[in-house]
Amino acid sequence: ELRSLIPGANVLLGFLLAVSFTDAFGKLDRDERYVYFATLVSTATAIFLFMAPAAHHRLRFREGDKDNILRKGNREAIAGTVASSLAFTGVLYLVTERIFGTPEAIIVSVAFFVFTAWRWWSLALLRTIRDERRRPA
């Protein structure tokens, strides 16, 4: 799954960096700049978290630490999806705000984040809870 998340985050980071050098970027108001910066940081954080397991693996390779490497990598991948969802939500907010205005941007971005939370985490967590209830004691 990281093979699809890493390129998406990289493309988003490239887009965000390129946008900051355009004339339109100078027209962002103070609030839009804060959302842009939070989106930029979220994207960079996602990339960092998605790539961290590879660095950890290289340092601990053949040290008999496979279980720890896998647990750590799983936690970082999950945290990376949180950062990615915040980044995607921020971009959606900025684009919607420019097209329609702030109220619409808030509605669309909150709805998108809720949808992302439901699809990416809630369904899996609900399944885990259900499976734990079915396990014999």
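The set of residues in region 55-70 being free of Cβ contacts under 8 Å to residues at least 12 places away in the same chain and open to solvent by less than 60 Å² (accessible area, probe 1.4 Å) consists of A55, D65, N68.
Is it true that some residue in region 71-89 is aliphatic (A, V, I, L, M), over 22 Å from F15 (Cα atoms), in a helix (DSSP H, G or I) and open to solvent by 60 Å² or more (accessible area, probe 1.4 Å)? The answer is yes, given that some residue of region 71-89 is aliphatic (A, V, I, L, M), over 22 Å from F15 (Cα atoms), in a helix (DSSP H, G or I) and open to solvent by 60 Å² or more (accessible area, probe 1.4 Å).
For E63, the test of being of a type in the set (D, E, K, R) and under 29 Å from A124 (Cα atoms) is failed.
Residues checked against (1) open to solvent by 30 Å² or more (accessible area, probe 1.4 Å); (2) at pLDDT 90 or above; (3) over 22 Å from G101 (Cα atoms); (4) under 19 Å from the mean Cα position of the chain (by Cα):
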| position | (1), (2), (3), (4) |
| --- | --- |
| E1 | yes, no, yes, yes |
| L13 | yes, yes, yes, yes |
| T22 | yes, yes, no, no |
| Y36 | no, yes, no, yes |
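Condition first: assigned to a helix (DSSP H, G or I) and surrounded by 18 or more Cβ atoms within 10 Å (Cβ to Cβ). Can you find one or more residues in region 114-124 that meet it? Within region 114-124, one or more residues are assigned to a helix (DSSP H, G or I) and surrounded by 18 or more Cβ atoms within 10 Å (Cβ to Cβ).
The values are calculated or read from the model by the stated rules, or taken from the named source; none is laboratory data. Keep in mind that this is a model prediction, so the values were computed, not measured. As a convention, Cβ positions derive from the backbone with ideal geometry for all residues, glycine included, and neighbour counts pool all protein chains shown. The area values use the complete protein model at the heavy-atom level, side chains included, leaving out ligands, DNA and RNA. Shrake-Rupley method; radii C 1.70, N 1.55, O 1.52, S 1.80 Å.
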